[in-house]
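Undergrad: Here it is, the structure, as structure tokens.
The values are calculated or read from the model by the stated rules, or taken from the named source; none is laboratory data. Just so we're clear, the structure is a prediction, and the values are computed from it rather than from any experiment. Note that we place each Cβ from the backbone using ideal geometry, even for glycine, and neighbour counts take in every protein chain shown. With ligands, DNA and RNA removed, areas are computed over all heavy atoms of the protein, side chains included. Shrake-Rupley method; radii C 1.70, N 1.55, O 1.52, S 1.80 Å.
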Amino acid sequence: MSTHDRFVVGVDACPLGWLATVIDADGVRTETYEEFDELYETYADVDQILVDIPIGFPEGERRRCDEDASDLLGSRGISVFYPPCRSAAELEDYQKASDEHRDRIGHGLSRQAHNIRQKILQVSDVVGERYDGVVRESHPELCFAALNGQPIAYSKSSDRGRGLRMKLLCDELDDAESQYREIRNEYYVKEVRRDDILDSMVLAIAARNMDLDTVPSDPSPNEPRIYYPEFDVPVLEKT
């Protein structure tokens, strides 16, 4: 099976629920789902689903995959959120959740991470602690870095950042820009944000890759990991 014959899905969380970019033999399409289990039931038989949401909770310390992803992205490492431990994710009140997380992990919890706790729990209910199945955790900025050959310095919220990411998507998908505009026209920003569209598309593109790298590069069988297409960051050798 060639890379472009694969049936894959890239999924990003959005205010409406979940935005899925689907690539199959018929081309590219986008769909929304309110619950992750609905999405999974629809696409359980695809070759690969890459989702931008933590799979696997930290226990005792931060997940290695998040620390390694942040390091690999350099200045864009700020886009990596450290997820809550399970007991903190189950708490609605932010301050209580942050205190619980600090007690168990040794760090406070960011509001961004707390805000996606329900999404994390939705995926956990479907996937559990299986890290090498059809559904795999990924990160859009690592996927964009692979297309760009290095991490993108510009934020997705800037005109230059969005423009460069769209160019990279168009290089891979003939109708990427028309798909983007179609979603923009169909949904309010309060339902699907511009970043969500870009991220779901790049995750779908990355999902066509049959041989993805992981951070950490040497995960133990029961350790969370983040999948991404390979790219090389130059390292200055010590003299």
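Undergrad: What percentage of the solvent-accessible surface of the stretch 119-187, computed with a 1.4 Å probe over protein heavy atoms, is contributed by carbon and sulfur atoms?
TA: Accessible surface attributable to carbon and sulfur in the stretch 119-187 totals 38 percent.
Undergrad: Tell me the trypsin sites (Lys or Arg not before Pro) within the stretch 36-139 that lie in a loop according to DSSP and have at most 16 other beta-carbon atoms within 10 Å.
TA: Qualifying residues, ordered by number: Arg62, Arg130.
Undergrad: Check the stretch 87-239 and count each lysine pair with an alpha-carbon distance under 26 angstrom, considering only pairs eight or more places apart or from different chains.
TA: Eligible lysine pairs with Cα atoms under 26 Å apart amount to 6.
Undergrad: The stretch 88-152: which GluC sites (Glu not before Pro) are DSSP loop and have at most 14 other beta-carbon atoms within 10 angstrom?
TA: For GluC sites (Glu not before Pro) across the stretch 88-152 that sit outside H, G, I, E and B with at most 14 neighbouring Cβ atoms in 10 Å, the list reads Glu90, Glu92, Glu129.
Undergrad: Note down the Stokes-Einstein diffusion coefficient of the chain in µm²/s, whole number, using a Kirkwood radius over alpha carbon pairs, 25 °C, and 0.890 mPa s.
TA: 135 µm²/s
Undergrad: Hey, can you find the accessible area per residue of the chain for me, probe 1.4 Å, expressed in square angstrom?
TA: It amounts to 51 Å² per residue over the chain.
Undergrad: Moving on. Counting only protein heavy atoms and using a 1.4 Å probe, what share of the accessible area of the stretch 65-115 belongs to carbon plus sulfur, as a whole percent?
TA: 41 percent
Undergrad: Let me ask something else. Find the relative contact order for the chain and round it to a whole percent, using C-alpha pairs within less than 8 Å whose residues are 6+ positions apart.
TA: 28 percent.
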